[in-house]
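For reference, the structure is listed below as structure tokens.
The values are calculated or read from the model by the stated rules, or taken from the named source; none is laboratory data. These figures come from a predicted structure and were not determined experimentally. Don't worry about glycine lacking a Cβ; one is built from the backbone with ideal geometry, like all the others, and counts go over all protein chains shown.
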Amino acid sequence: MADATLHHAEETDKSLWEGGHSPFRIGYGKVMMWYFLISDTFTFASFLIAYAALRFAQSDAWPKAAEVFSSVPIHGLDTLKLPLVFVSFMTFLLIVSSYTMVRAVQEGYLMNKWGVVKFLIPTILCGVAFLGCQYLEWTHLIHEGMTPTHASELTKIMNFGQLFFVITGFHGLHVLGGVVLNTWLCVSTMNGRFEKVGHYEMVEKLGLYWHFVDLVWVYVFLCFYLL
Amino acid sequence: MNFDEPVQGHLHWNEEEYGVGRKEVLKTIIILSVVTVGEVGIAIGYDLLMGDNGGMKWLINLIMAVASVVKVYFIMGTFMHLKHEKKWFILSALLPFSFLIWAIIAFTVEGASWHAMRGLLNMF
């Protein structure tokens, strides 16, 4: 019955909007996840636009990314001058985890339970590795004297440290949330929760969230490290 | 939370659809990696070649901004599946971002104005 209504609706676009089913042809949860992510985009956009305004206000004294992030923040490697290498590795971790996440979603379409688990585990590990890298990066910068309330010799401007820790911190919090949710998802999948439900839409919903984390990083990376 | 509600949408694939989707995301991850490596290469190369000189910075910034938009297009389009959704859903997700266009213009102009008035304001 529902299928017949839907089929009819597909043919006449008008009746698609007359109730009884989603005119967008996707589940309620996915639509709401998208709208949550759009609202979250505005929070990040506010941060990054504030960054732009403060940077323009001090454009002549703004520190250079290649100088502030000039070395790999690992003991023993930090004397080598390898600008941007470490943060590029972090970017790469997120891109790879985005790929494994979308593969988990696709395994979910096939109802392949262990396929989903197989791709969720590297996703979680990449997330954890990203957080570990952020820990190293932060301790290194704090050690150099850049904190939310003080500028280091390299940065000179206090705003740089403030914006850096607030924006990457807020992004890191999102990664942490994603890691926790993905772990729950992985355990639930192993327990056969979604097999009972009959579909793996939850993997897709949390996948959207995880890709969003990657997407925000593209802009954080752009603003702090590349421009 | 009730997981038993009927869910609409295309949640089950056959082998053929799976094969197509798998190829698509593999292509996307390669594009994303290449663009990222290119970006970092340009950033480091610029720093090595131009150093403190700082000329042509606007061109580098333009390339970086375009590369980021390309990355976002592929992440949203393929990974988040937006490319394959209904037209009105795509618009409902993307149109709100048009508000940001004015926000970016307004606040960068504002920032430049603070810069011009630094002597007067002395607030930083």
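Can we say A:Y99 is surrounded by 19 or more Cβ atoms within 10 Å (Cβ to Cβ), in a helix (DSSP H, G or I) and without any contact (Cβ under 8 Å) to a residue 12 or more places away in the chain? Yes. Test A:M202 against the stated conditions and say whether it is buried (at least 18 other Cβ atoms within 10 Å of the Cβ), among the aliphatic types (A, V, I, L, M), outside any helix (DSSP H, G or I) and in contact with a helix residue (DSSP H, G or I) (Cβ under 8 Å, 6 or more places away or on another chain). No, not satisfied. I'd like to know if region A:29-40 contains one or more residues that are facing another protein chain (nearest Cβ under 8 Å) and modelled with pLDDT under 90. Yes: region A:29-40 contains one or more residues that are facing another protein chain (nearest Cβ under 8 Å) and modelled with pLDDT under 90. Among the residues of region B:75-124, those identified as outside any helix (DSSP H, G or I) and more than 18 Å from A:D40 (Cα to Cα) are B:H81, B:E85, B:K86, B:M117, B:N122, B:M123, B:F124. Can you name the condition, by its number, that A:K196 falls short on among (1) of a type in the set (K, R); (2) within 10 Å of chain B (Cβ to nearest Cβ); (3) touching a helix residue (DSSP H, G or I) at 6+ places or on another chain (Cβ under 8 Å)? Only one criterion in (1) of a type in the set (K, R); (2) within 10 Å of chain B (Cβ to nearest Cβ); (3) touching a helix residue (DSSP H, G or I) at 6+ places or on another chain (Cβ under 8 Å) is unmet by A:K196, namely (3).
The numbered conditions (1) modelled with pLDDT under 95; (2) assigned to a helix (DSSP H, G or I); (3) crowded, with 22+ Cβ neighbours inside 10 Å are all true for A:G207 except (1). Note on region A:44-71: residues that are more than 15 Å from B:F107 (Cβ to Cβ) and either at pLDDT 85 or above or not hydrophobic (A, V, I, L, M, F, W, C) (or both) amount to 10.
Scanning region A:63-96 for residues that are within 11 Å of chain B (Cβ to nearest Cβ) and among the hydroxyl-bearing types (S, T, Y), we see that the one that is nearest to A:K156 (Cα to Cα) is A:S70.
Only helices (runs of 4 or more DSSP H) whose full extent lies in region A:108-198 are considered here, and the ones with at least 1 residues that are of a type in the set (S, T, N, Q) and surrounded by 18 or more Cβ atoms within 10 Å (Cβ to Cβ) are A:113-143, A:158-190. Look through A:L226, A:L176, A:L208, A:L215 and report the one residue that is away from every other protein chain (no Cβ under 12 Å) and within 25 Å of A:C126 (Cα to Cα). The unique qualifying residue is A:L176.
Contact list please: Cβ distance under 7 Å, first residue in region B:68-85 and in the same structural domain as B:T36 (by TED's automatic domain parsing) and modelled with pLDDT under 95, second residue assigned to a helix (DSSP H, G or I) and aromatic (F, W, Y), pairs at least six apart or on different chains. From region B:68-85, the pairs are B:S68/A:Y219.
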